[in-house]
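Worksheet: one structure, shown below.
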Amino acid sequence: MPDLPQTYASLAELRVIDAMHPGLISCSPDTPLRTVARMMALYRVHAILVTAHGEESVAGRGGWGIVSDADLLRAAETGDLDEQPSSSIATTPVETVPSSDELASAAALMVEHEASHLIVVERRSGRPIGVLSTLDVARALAGFPETHPMR
Amino acid sequence: MTHDSHAQVGDLIEIHGHKLGETARTGEILEVLGTGEHEHYRVRWEDDHESIFTPGSDAVIRHVKRSKAVAREAPDA
């Protein structure tokens, strides 16, 4: 585990499960990026997981890929989203973190791997149960403000 | 996605491997979301994790045969 810098002091006592979003939104490697964009808009998320299977799976890590909204923008700039499958731009593998881990160590992992999202897994089973995003960590750093002032 | 009709709860979904030797991945459809070409699903996969899943052309719906309920008359008192 990386040393925790002083800047994560405000995350002390928090676990990943305190900040994560439960549930996974995923697509298959052949799903067109246009559909991926629609899923992001429909569920108001910044990233969609791409399922992996067979030999691509890595024990304990799941072999997942991920497509972020920034990835989509880059793909849309150069081509037709209907013609590009999710696997063509997915980042792999996606790092995983147990739900019982300290949130500070997850934040350090994100920084280390320049990852905006981590897949949260049950420590015992390794089963994926949700996603931790940099926005989730930001919410924790801000003390979990409850509601958007404009809603 | 290749299928002859819309999926129903309880149907199976298979994602075929993209490389030689890759096995298909299978899940059970727990909920049908969206309509028409935007249909997608809440799926419980073989490893017991669940996701809201949008299939691509590599996915196949396997319809599960459902037995029809047989109405029985109550026995005479």
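The values are calculated or read from the model by the stated rules, or taken from the named source; none is laboratory data. Computed from a predicted structure; not experimentally measured. All Cβ positions, even for glycine, are placed from backbone atoms using ideal geometry, and neighbour counts span all protein chains on display.
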So which residues in the stretch A:88-126 are surrounded by fewer than 14 Cβ atoms within 10 Å (Cβ to Cβ) and part of a loop (DSSP other than H, G, I, E, B)?
-> A:SER100, A:GLU114, A:ARG123, A:ARG124, A:SER125
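Quick grid of which residues meet (1) of a type outside the set (Val, Ile, Thr); (2) at pLDDT 95 or above:
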residue: A:GLY54; (1), (2): yes, no
residue: A:GLU83; (1), (2): yes, yes
residue: A:PRO98; (1), (2): yes, yes
residue: A:ALA104; (1), (2): yes, yes
residue: A:ILE119; (1), (2): no, no
Of all residues making up the stretch A:24-50, the number that are more than 7 Å from every other protein chain (Cβ to nearest Cβ) and assigned to a loop (DSSP other than H, G, I, E, B) | 3
Looking only at the stretch A:119-129, decide whether some residue is touching a residue at least 12 places away in the same chain (Cβ under 8 Å), within 18 Å of A:HIS46 (Cα to Cα) and of a type in the set (D, E, K, R).
-> no
Could we say that B:HIS18 is modelled with pLDDT under 90, more than 20 Å from A:SER86 (Cα to Cα) and facing chain A (nearest Cβ under 10 Å) here?
-> no
